[in-house]
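S.K.: First, the structure itself, so that you have it in front of you.
The values are calculated or read from the model by the stated rules, or taken from the named source; none is laboratory data. Predicted model only: the values in this text are computed from it and were never measured. Quick reminder, even Gly has a Cβ in these numbers, built from the backbone with ideal geometry, and neighbours come from all protein chains shown. For accessibility, only protein heavy atoms count, side chains too; no ligands or nucleic acids. Shrake-Rupley method; radii C 1.70, N 1.55, O 1.52, S 1.80 Å.
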Amino acid sequence: MAATLRDVARLAGTSVAAVSAVVSGSVAGNIRVSSATRARILAAAAELSYTPNLLARSLVTRKTGVLGLVFPYSSAFVDRNPFCTQVMAGVFEEVVRQKYNLMLHTAAGDDWNASDARTLIDPRVDGLLLVLPAPHSPVVAHCLRKRFPCVSILYAAESEQVCTVNAEDERGGRMATEHLLALGHRRLAHLCGVPGVASAEPRRRGYLAACAAARLPERDALVLPAGFDWHDGYRATLELLALPAGRRPSALFAANDLCAEGALRALREAGVRVPDDMAVVGYDNTWFAAMTQPALTSVAMPIQDMAVRATRILIETIEGREVADRQPVLPVSLCIRDSCGARRSGAAPETKGEPAC
């Protein structure tokens, strides 16, 4: 039979309340335990192989030790999207480190952003990690009103009270475009991400800002609606290839690596050589970027680090600790591979110092 608090208290010669305070790590209430008594309790617990009853503890502390993870679509947990897998890797890394458990909110479906926000505040979890919530998310607003711990990954917060982790996406969009400009390209296209996704608009703004700074005519700075899947990049690139030869760009900057892979596939099927005839740059720099043919130059967004940071902020909030920065924005960098042509021609001065992955 498993040892109980009373068994530990009897062996240590202390009260049950003292044992409870020590094994739970609680510093609340009126229980004061000396270092000698604490040592006796811990020794007795070890001798009896005592394991705390987590269910009973949760009834007392109103904490379950479980976090909820919500993706914007239900199959994200299993479809091997490199963005989603890196988010999960970061979340798993931090929950293991901090001895929390994780509940995957698969039942939320694909419409949780538009559904009743109350359905996601589950009594089985202490807080929520929301990946890519919709703009003006009712779930984020509801959590804020109810003071339910919640941290978003990639979300344009409208209040300083909202906890969210983002990356320097506008700088990343500008960085990718400036790299292509430095390589001599003067007709560029941007395959834009899905409107409403927090990272799409900043990347577009960065692209347009770099084109404006280079004084490119508007006709030479094309923005095509695409998306974040390879099918989106494939379709948008076919539109580019349908343009007259004099208007066709010599380089494109895709919304993300999967979109860039679709572009590469369309170019390959059309007999357009990369990077000789058209240079391609992606975004995210997931493991997938190094696997494309040719290997993809990509803006490196620290996805796993963002997930670690978001999980840490959520746990700090749940435990009532001070959160130094509720809305951190993590830096990005450019990882240069074969698809842009820099390795073949020699990087322009503006690209020196960027990592060649």
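S.K.: Based on DSSP, what percent of beta bridges with both residues in the chain are antiparallel, to the nearest 5?
M.R.: Expressed as a percentage, antiparallel bridges in the chain total about 10.
S.K.: Next up: With a 1.4 Å probe and all protein chains left in place, how much of the accessible area of the chain comes from carbon and sulfur atoms, in whole percent?
M.R.: 53
S.K.: What distance in nm separates the two pseudo spin-label positions at M291 and R205, each 7 Å out from Cα along the beta-carbon direction?
M.R.: About 3.3 nm separates the two model spin labels.
S.K.: Zone of E319 (label point 7 Å along Cα→Cβ, backbone N under 20 Å): which residues in region 1-20?
M.R.: In region 1-20, the label zone of E319 (backbone N under 20 Å from the point 7 Å along Cα→Cβ) covers 20.
S.K.: Which distance in nm do the two modelled labels at Y73 and A39 give, with both placed 7 Å along the Cα-to-Cβ direction?
M.R.: Roughly 6.0 nm, to one decimal.
S.K.: At a Förster distance of 25 Å, what's the computed FRET efficiency of R124 paired with T4, Cβ-Cβ distance as r, to 0.05?
M.R.: According to the calculation, E is roughly 0.50.
S.K.: Once you put a point 7 Å from the Cα of E158 and another 7 Å from the Cα of L48, both along the Cβ direction, what distance in nm separates them?
M.R.: 5.4
S.K.: Just the number please: accessible area per residue for region 177-275, 1.4 Å probe, all protein chains included, in Å².
M.R.: Per residue, region 177-275 has an accessible area of 42 Å².
S.K.: Ignoring everything but the protein chains, give the 1.4 Å probe accessible area of S159 in square angstrom, nearest 10.
M.R.: Probe radius 1.4 Å; accessible area of S159 about 40 Å².
S.K.: Using the beta-carbon distance between S15 and C357 and R0 = 41 Å, what value does 1/(1 + (r/R0)^6) give for FRET efficiency, to the nearest 0.05?
M.R.: 0.10
S.K.: I need the fraction of alpha carbon pairs in the chain separated by more than 33 Å, rounded to a whole percent.
M.R.: The calculated P(r) of the chain puts 42 percent of pairs beyond 33 Å.
S.K.: Quick one: among V272, V332, V162, which has the greatest mean-square fluctuation in a GNM of the chain with alpha-carbon springs under 10 angstrom?
M.R.: The residue with the greatest mean-square fluctuation here is V272.
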